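These notes concern the structure reproduced below.
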Amino acid sequence: MHAFIKSQCSSFIATLVDFSVTILLTEIYGLWYLFSTSTGSVVGGITNFIINRRWVFKATDGKISWQVLRYFLVWSGSIIFNISGVYLLTNFGRINYVVSKVITAVLVGIFFNFLLFKKFVFNTAREIKKSSI
């Protein structure tokens, strides 16, 4: 439960970064909201990786290259879910893109990201077992 709460804090910080970039690019620079959403997701994802590795899962003993690869796989799925959710809710649900992004981010963060980060990306016990074989 402790890791889940810390993970949600990490997600919140990464989401603030993500949303700030998205809104800045769309509202200030006038860029297409899906481009802005994609860029925000990338910057937020990098933020989330760093916080998760060091603070949430304390997985700095693991090989960063393997963690980056596994994170990239999970994160790619997350980005696809986030962009698809924003697109569907905005275009078909006629919901403002910011509200669509909030709804989608919460659902993807709880039901997809946390579980895969904990069990697959930052599972140092898995890496220790793998290296001893």
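What follows draws every value from the coordinates through simple rules; no lab data is involved. All values reported here derive from a predicted model rather than from experimental measurement. Because the Cβ atoms are built from the backbone with ideal geometry, glycine has one as well, and the counts that use them run over all protein chains shown.
Pull out the extension gain between residue 12 and residue 91, defined as 0.36 nm times the separation in residues minus the alpha carbon to alpha carbon distance; nm, one decimal.
25.9 nm
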Quiz item: Once you charge only the Cβ atoms, +1 for Lys and Arg and -1 for Asp and Glu, what is the size of the charge dipole of the chain about its Cα centre, to the nearest 20 debye?
Solution: 600 debye
Quiz item: Roughly speaking, what is the stretch gain from residue 60 to residue 72, that is 0.36 nm per residue apart minus the C-alpha to C-alpha distance, in nm to one decimal?
Solution: 2.6 nm
Quiz item: For the chain, modelled as a Gaussian network with Cα springs under 10 Å, which listed residue fluctuates most, 91, 113, 123?
Solution: 91
Quiz item: Taking only pairs that are 8 or more places apart or on different chains, how many Lys pairs in the chain have Cα atoms under 24 angstrom apart?
Solution: 18
Quiz prompt | Stretch gain in nm, segment residue 118-residue 4, where the contour uses 0.36 nm per residue and the Cα spacing is subtracted | solution = 40.1 nm
Exercise. Specify the longest stretch of the chain that does not include any exposed loop site, a site being one of the trypsin sites (Lys or Arg not before Pro) with a non-H, G, I, E, B DSSP assignment and at most 15 other Cβ atoms within 10 Å.
Key: 1-57
Self-check item: Residue among 102, 56, 121 with the largest mean-square fluctuation in a Gaussian network model of the chain, springs linking Cα atoms under 10 Å
Solution: 102
Practice problem: Measure out, as a whole number of angstrom, how far apart the alpha-carbon centroids of the stretch 79-95 and the stretch 14-41 sit. | Solution: 14 Å
Exercise. Answer with a single label: of [x] 52, 25, 24; [y] 47, 28, 22; [z] 57, 37, 29, which was calculated as Cα extents along the principal axes in Å from the structure in view?
Key: [x]
